[in-house]
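A short worksheet on the structure shown next.
Every number in this text was worked out from the coordinates using simple rules, so none of it is lab data. Bear in mind that the values here come from a model prediction, so they are computed numbers and not experimental data. In this analysis, Cβ positions are derived from the backbone assuming ideal geometry, glycine residues included, and neighbour counts consider all displayed protein chains.
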Amino acid sequence: MSRPVRCVPARPGAAIPMPDRDNRLMPADGVSVDLSTPYYRRLRDDGDIVPVQHKSASQAAARGRNRSKEA
């Protein structure tokens, strides 16, 4: 099993079932999935889901400070 990767639906409102989670739909803010499984790998390869990068708290805080200076 590979390391989980946070993915989100590629299109807003897309209904992406998650068979490993009782076929619940993938939330818009994403969920961690195992891309070593054929199902999630195919969704990624087809462009139905996209991996997202986690931002560290310090990066988010720095961006907030930079925006307040620009305003």
> In terms of modelled amide H atoms, which long-range or inter-chain residues lie less than 5 Å from the amide H of residue 49?
Replying inline: 10, 44
> Once amide H atoms are built 1.01 Å from N in the peptide plane, which residues 5 or more positions from residue 6, or in another chain, come under 5 Å H to H?
Replying inline: 33, 52
> How many nm is it between the label spots at residue 50 and residue 25, if each spot is 7 Å from the Cα in line with the beta carbon?
Replying inline: 2.0 nm
>> Could you compute the net charge surrounding residue 18? Neighbours are other residues with a C-beta less than 13 Å from the C-beta of residue 18; K and R count +1, D and E count -1.
In response: -2
>> Take residue 6 and residue 41, extend 7 Å from each Cα along the Cα→Cβ direction, and tell me the distance between the two endpoints in nm.
In response: 2.4 nm
